[in-house]
Amino acid sequence: MSVNPSTKSVSVLIPLALPEPYDYEVPAGLIAEPGSYVIVPLGAQQILGVVWGEGSGAFDAKRLKPILEVLDVPGMPEASRRFVDWMAQYTLSPRGSVLRLAIRAPGALEPQRMRVAYRLTETRPARMTPARLRVVETAADQFARTIRELAEETGVSDGVVRGLVDAGTLAPVELPAEAPFPEIDFASAGKPLSDAQAAAAADLRARVASDEFSALLLDGVTGSGKTEVYFEAVAEALARGRQALILLPEIALTNQFLDRFEARFGEKPAEWHSDLSTRERVRVWRGVAEGRARVVVGARSALFLPFTELGLIVVDEEHEAAFKQEDGVSYHARDMAVVRASLGHFPVILSSATPSLETIVNVEQGRYERVVLAERHGAAEMPSITAIDMRDDPPERGRWLAPKLVAEIARAYAAGEQSMLFLNRRGYAPLTLCRTCGHRIECPQCTAWLVEHRFRRELVCHHCGYSAPVPKACPSCGAEDSLIACGPGVERIAEEVAEIFPQARVSILSSDNLRGPLSHEEAFRAIEAREVDIIIGTQIVAKGHHFPWLTVVGVVDADLGLENGDLRAAERTFQLLQQVAGRAGRAERPGRVYLQTYMPEHTVMRALVAGDRDAFLAREAEARERVALPPFGRLAGVVVSSNDANLAQKWARELARTAPNAENVAVLGPAPAPLALLRGRTRLRFLVKTGRNVNIQAYMQAWLGPLKVPGAVRVSVDIDPYSFL
Ligand code: ADP
Ligand code: ZN
């Protein structure tokens, strides 16, 4: 193959599930540099891509297709491109699929639309009417307004304003159609810090100033002021002309947080989450690329925004499982934030009151550093935590709340304080059973029971969304009025509370009645305004909220998370319950937390009651090290699935047959996945378990790379899995 030296070619990565970039010719007169966004032909389509580097020369130069257009926007920064490469390699995803995460703002690359506004000139119309005069007086402030705005503000018709335009009294100016990003006042001082907070803040500021990569765990109990402290690091980054990114689990991204940011810095930051309109998405994406948006507060996908001057990432609630993305490219946003910081040579701050075991081990092994805030700010004390042994103090028949917990709620209610009941189960009852034949109602498409939602009068599958009306007769034996609800969900607890406290004002907080991260606002506002006495909630209530009047927290079923015995069950239960407990007694009134449990002797319960997080983590670490589970060994999950059960099984057997032998690598499976049927697909699982120093990606590549599965079969790989369903 001969390469014609007079033809310049570049490789272009296209955001489709393609592993490698393709070569394209750069026509004379076009300048396409690494990072440039370009439009290229692909088959019959024209598609957006990013110049990834020099042409590879692997394609026949004479047959290269030309780049059609180079877009007039700042190119994708080098660090972002290296990040795409790194992530593709680590997660074993096609590079094009990772690129797609980074340019998922349709229309962001089109030229910005302009709008026409008008300003007052020196010219006055020949005939002045009272209506015209009102417009002139209003426009005298020299603000540019659209015709509509002027008409509305002065109460005249559009025609009156147009007349003034024709008379030359108002002159047009072009303004960007998008709202600008306000200046963030990074020089203003925050709250006066305690000595411990000030020392932590100084450490963080110094890291930002150093222009070097470092990973730091900001380890402080709930209410110790971690947010105040990392705001100082944000201020430092801004003062140095850098951008900053604060990652939050999606459900913690609330107006309460944005208001706090505004109180500290005078303006709101840019937001990035799944609830944004397309228009907002485009505005933020472009604002970040052009350096106009200086701070972004966002969910995990904000990591892929095209920052050109990023100088700090904060991962708040770093232990949250919600940072793990499971669909498509599966990645852990906390780990990827560390990689992004390392590629960009700046610090990353991981903040938590209940750090993940992974992070704790990274601290102990010297890869991450740690700053500790040991005390709550001001007068607030840590709440006391008590286990209620449900065997000794059982609820009345048909009820779920132990007498002791009921008495505590009654006491708080009488004192005008708030209580919260936590149960991580949506709906009314997790299982519907026939009393006559024992039949359990299952989802027709998933290995899962249907959950009764009594308010909606439906049975719902929480995996695929299937729903059906609650039947009158058992679908199996036909017995009438024989179906009974088993176990409680939040709706059932609300029913019980209404019976015991008929006068109390109750609010249920679960994703069924609150949709989207910013829609919880009304519920939270009502709680803060003390319009609610008893809060009943799923994990939505566990995160970061500050309710000064909340003094009693009851965990309805503290054992719930321990049921699914996956490797992080104990760790996650501990974190979640600790977070829930942290909601109580955040102000002057001390908080009391009650854990309803059938196993008060379990290490998780004992550690919570004793308030001994570090001892718990040490025991967990020991247990995992003994069996070489993460973070002391590596895992990858493989799911083989198909709508055709036989095909799925056949290919699972084929995978089992072709798994290479390698030292320190064990391939477990295939086994039917716990969710053996999901949305009608049959699923089989493998778990690959390797030593810490094995290159698990290379092993997976050697195994799965040569495999040619038919289109009806999907093989998905999850490096560092968090879900084993
Ligand atoms: P964390 O993030 O560790 O849970 P926060 O930063 O949310 O803690 O602080 C808890 C509460 O204490 C917040 O209401 C915060 O405004 C307040 N607070 C923390 N530090 C200070 C301080 N130095 N001065 C005044 N209020 C503070
Ligand atoms: Zn289902």
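Every condition in (1) within 16 Å of ligand 1 (Cβ to nearest atom); (2) in contact with a His (Cβ under 8 Å, 6 or more places away or on another chain); (3) not polar (S, T, N, Q) is met by MET382 except one, and the failing one is (2).
Going through (1) touching a residue at least 60 places away in the same chain (Cβ under 8 Å); (2) within 24 Å of PHE574 (Cα to Cα) one by one, HIS463 falls short only on (2).
A single entry from ALA189, ALA202, ALA171, ALA140 fulfils the requirement of being aliphatic (A, V, I, L, M), in contact with a strand residue (DSSP E or B) (Cβ under 7 Å, 6 or more places away or on another chain) and under 28 Å from ARG292 (Cα atoms): ALA171. Within the set ARG95, ARG63, ARG104, ARG100, the sole residue that is touching a residue at least 60 places away in the same chain (Cβ under 8 Å) and either among the small types (Gly, Ala, Ser) or surrounded by fewer than 18 Cβ atoms within 10 Å (Cβ to Cβ) (or both) turns out to be ARG104. Which one of these is at pLDDT 95 or above, over 28 Å from ALA79 (Cβ atoms) and either polar (S, T, N, Q) or over 18 Å from the mean Cα position of the chain (by Cα) (or both): GLU228, GLU232? The unique qualifying residue is GLU228. Taken over segment 50-65, the criterion of being at pLDDT below 95 and outside any helix (DSSP H, G or I) is satisfied by GLY53, GLU54, GLY55, SER56, GLY57, ALA58, PHE59, ASP60, LEU64, LYS65.
Exactly one residue out of ILE388, ILE313, ILE349 is over 17 Å from the mean Cα position of the chain (by Cα) and modelled with pLDDT of 95 or more, and it is ILE388. Among all positions in segment 689-704, there is at least one residue which is in contact with a helix residue (DSSP H, G or I) (Cβ under 7 Å, 6 or more places away or on another chain) and either closer than 10 Å to GLY637 by Cβ or not in a strand (DSSP E or B) (or both). For segment 486-507, the criterion of being within 30 Å of ASP259 (Cβ to Cβ) and in a loop (DSSP other than H, G, I, E, B) is met by at least one residue. Checking the conditions here, which among GLN575, GLN579 is in contact with a His (Cβ under 6 Å, 6 or more places away or on another chain) and touching a residue at least 60 places away in the same chain (Cβ under 8 Å)? Only one candidate passes the filter, namely GLN575.
Scan segment 280-289 and give yes if some residue there is more than 23 Å from PRO176 (Cβ to Cβ), hydrophobic (A, V, I, L, M, F, W, C), touching a residue at least 40 places away in the same chain (Cβ under 8 Å) and out of contact with any Gly (no Cβ under 9 Å at 6 or more places or on another chain), otherwise no. No, because not a single residue in segment 280-289 is more than 23 Å from PRO176 (Cβ to Cβ), hydrophobic (A, V, I, L, M, F, W, C), touching a residue at least 40 places away in the same chain (Cβ under 8 Å) and out of contact with any Gly (no Cβ under 9 Å at 6 or more places or on another chain). With respect to the conditions (1) surrounded by fewer than 20 Cβ atoms within 10 Å (Cβ to Cβ); (2) β-branched (Val, Ile, Thr); (3) within 14 Å of ligand 2 (Cβ to nearest atom), ILE441 falls short on a single one, namely (1).
Residues in segment 444-457 that are of a type outside the set (Val, Ile, Thr) and surrounded by 16 or more Cβ atoms within 10 Å (Cβ to Cβ) were compared, and the one that is nearest to ligand 1 (Cβ to nearest atom) is HIS453. Summed over segment 454-478, residues that are outside any loop (DSSP other than H, G, I, E, B) and either near ligand 2 (Cβ under 9 Å from one of its atoms) or closer than 25 Å to THR682 by Cβ (or both) total 4. Within segment 597-621, residues that are without any contact (Cβ under 8 Å) to a residue 60 or more places away in the chain and over 15 Å from ALA353 (Cα atoms) sit with their Cβ atoms under 9 Å from residues that are buried (at least 17 other Cβ atoms within 10 Å of the Cβ) and charged (D, E, K, R), at 6+ positions apart or across chains, in these pairs: MET599/ASP389; MET599/ASP559; HIS602/ASP559; THR603/GLU620; VAL604/ASP559; VAL604/GLU571. Can you find a residue that is among the small types (Gly, Ala, Ser), in a loop (DSSP other than H, G, I, E, B) and away from ligand 1 (no atom under 16 Å from the Cβ) anywhere in segment 671-683? Yes, there is a match, as at least one residue in segment 671-683 is among the small types (Gly, Ala, Ser), in a loop (DSSP other than H, G, I, E, B) and away from ligand 1 (no atom under 16 Å from the Cβ).
Looking only at segment 404-453, filter to residues that are among the polar types (S, T, N, Q) and assigned to a loop (DSSP other than H, G, I, E, B); which one of those is nearest to TYR466 (Cα to Cα)? Ranking the qualifying residues of segment 404-453, first place goes to GLN445.
Tell me whether segment 419-433 contains one or more residues that are within 22 Å of HIS545 (Cα to Cα), under 28 Å from the mean Cα position of the chain (by Cα) and within 16 Å of ligand 2 (Cβ to nearest atom). Scanning segment 419-433, I find at least one residue that is within 22 Å of HIS545 (Cα to Cα), under 28 Å from the mean Cα position of the chain (by Cα) and within 16 Å of ligand 2 (Cβ to nearest atom), so the answer is yes. Is it the case that segment 153-166 has a residue that's in contact with a His (Cβ under 9 Å, 6 or more places away or on another chain) and either on the phi > 0 side of the Ramachandran plot or acidic (Asp, Glu) (or both)? Checked against the condition, which is being in contact with a His (Cβ under 9 Å, 6 or more places away or on another chain) and either on the phi > 0 side of the Ramachandran plot or acidic (Asp, Glu) (or both), segment 153-166 yields no hits at all. Taking the conditions (1) of a type in the set (S, T, N, Q); (2) more than 10 Å from ligand 1 (Cβ to nearest atom); (3) within 20 Å of the chain's Cα centre (by Cα) in turn, SER188 satisfies each one other than (3).
Only residues that are closer than 21 Å to LEU617 by Cα and assigned to a strand (DSSP E or B) were counted across segment 351-403, and they come to 11.
Those strands (runs of 3 or more DSSP E) of segment 196-283 in which at least 3 residues are on the phi < 0 side of the Ramachandran plot and within 13 Å of ligand 1 (Cβ to nearest atom), considering only elements entirely within it, cover 214-220.
Cβ-Cβ contacts under 7 Å between residues 6 or more apart (or on different chains), taken from a first residue in segment 655-680 that is without any contact (Cβ under 8 Å) to a residue 24 or more places away in the chain and closer than 16 Å to ASN564 by Cβ to a second residue that is surrounded by 12 or more Cβ atoms within 10 Å (Cβ to Cβ) and not acidic (Asp, Glu), are listed as ALA671/LEU684; ALA671/ARG685; PRO672/LEU684. Does PHE143 satisfy the condition of being in a loop (DSSP other than H, G, I, E, B), in contact (Cβ under 8 Å) with a residue 60 or more places away in the chain and more than 16 Å from ligand 1 (Cβ to nearest atom)? For PHE143, the condition - in a loop (DSSP other than H, G, I, E, B), in contact (Cβ under 8 Å) with a residue 60 or more places away in the chain and more than 16 Å from ligand 1 (Cβ to nearest atom) - is not met.
If we scan segment 77-85, do we find a residue that is in contact with a Ser or Thr (Cβ under 8 Å, 6 or more places away or on another chain), in a helix (DSSP H, G or I) and at pLDDT 95 or above? Scanning segment 77-85, I find no residue that is in contact with a Ser or Thr (Cβ under 8 Å, 6 or more places away or on another chain), in a helix (DSSP H, G or I) and at pLDDT 95 or above, so the answer is no. Regarding LEU312, is this residue farther than 24 Å from HIS345 by Cα and either touching a strand residue (DSSP E or B) at 6+ places or on another chain (Cβ under 9 Å) or within 16 Å of ligand 2 (Cβ to nearest atom) (or both)? Judged against the criteria, LEU312 is not a match. Residues in segment 672-691 that are surrounded by fewer than 19 Cβ atoms within 10 Å (Cβ to Cβ) and either among the hydroxyl-bearing types (Ser, Thr, Tyr) or closer than 24 Å to PRO631 by Cα (or both): PRO674, LEU687, GLY691. Filtering segment 651-664 for residues that are part of a strand (DSSP E or B) and surrounded by fewer than 18 Cβ atoms within 10 Å (Cβ to Cβ) leaves an empty set.
The values are calculated or read from the model by the stated rules, or taken from the named source; none is laboratory data. As the structure is a computational prediction, the values presented were derived from the model and not from experiment. Neighbour counts run over all protein chains shown; Cβ positions are idealised from the backbone, glycine included.
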